1. What accessible area, in Å² to the nearest ten, does a 1.4 Å probe give for Glu36?
2. With all protein chains present, calculate the accessible area of His22 using a 1.4 Å probe and round the result to the nearest 10 Å².
3. With a 1.4 Å probe and all protein chains in place, put Trp106, Trp33 in order of accessible area, largest first.
4. Using a 1.4 angstrom probe and counting only protein chains, how large is the accessible area of Lys28 in Å², to 10?
5. Could you rank Arg3, Arg29, Arg163, Arg122 by how accessible they are, 1.4 Å probe, largest area first?
6. Just grab the label-to-label distance for Thr16 and Glu36, each label 7 Å out from Cα along the Cβ direction, in nm (one decimal).
7. Taking all protein chains together and a probe of 1.4 Å, list Glu2, Glu155, Glu90 from the most accessible to the least accessible.
Amino acid sequence: MEREPTRVMVAVNESTIKGKPHPSISSKRAFEWTLEKMVRSNTSDFKILLLHVHVVDEDGFDEVDSIYASPDDFRDMRESNKSKGLHLLEFFVTKCHEIGVSCEAWIKKGDPKDVICQEVSRVRPDLLVLGSRGLGRFQKVFVGTVSGFCVKHAECPVLTIKRNADETPSDPADD
């Protein structure tokens with residue numbers, strides 16, 4: 001009897017550093033940690049669920065509920081130029097395919113902390129993995145943290161992964 005793979009949702013976002021249209025430092029670190037420490041060579045035992053949340057006021061993005069499961073899906077979507085943040089999901093899905101781990105990726109819009117918790121309720125992953133900027137108490141008061149909210153409200157176990165100290169930009173609130 002074949003058992004179902006462990007479904008790990010990794011919430012990913014774009015970097016806030018100007019001129020850097022790449023994954024944020026903390027979400028890339030969370031993704032890499034998941035592959036290195038959990039999946040390792042057991043690729044058939046896991047399915048990675050990649051969620052990117054567009055902040056509504058930031059980019060006026062129309063909701064996309066498409067599922068992306070292979071690099072070809074991204075080429076088709078890029079040609080029609082329907083989605084911002086597509087390069088972000090393409091980066092993570094390509095990495096999954098390179099090592100042979102099954103994955104799905106999708107985009108939602110809204111407040112990241114709320115949308116992540118809603119998607120956890122809808123999709124029911126076994127674990128949610130989030131990156132953390134490692135902000136101090138003072139910064140958290142003004143910036144707030146998505147990971148802190150999700151730890152309290154998500155309906156599954158939540159693992160937060162801090163970015164490495166040597167990856168911290170000059171402004172620690174940047175990512």
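1. Rounded to the nearest 10, the figure is 110 Å².
2. About 90 Å², rounded to the nearest 10.
3. Largest to smallest exposure gives the sequence Trp33, Trp106.
4. 70
5. So the residues, ranked largest to smallest area, are Arg3, Arg122, Arg29, Arg163.
6. Going from the Thr16 label point to the Glu36 one covers 2.4 nm.
7. Listed by decreasing accessible area, they come as Glu2, Glu155, Glu90.
The values are calculated or read from the model by the stated rules, or taken from the named source; none is laboratory data. Because the structure is a prediction, the values reported are computed rather than measured. Glycine gets a Cβ as well: all are built from the backbone with ideal geometry, and neighbour counts include every protein chain shown. Calculation scope for accessible area: heavy atoms of the full protein, side chains included, ligands and nucleic acids excluded. Shrake-Rupley method; radii C 1.70, N 1.55, O 1.52, S 1.80 Å.
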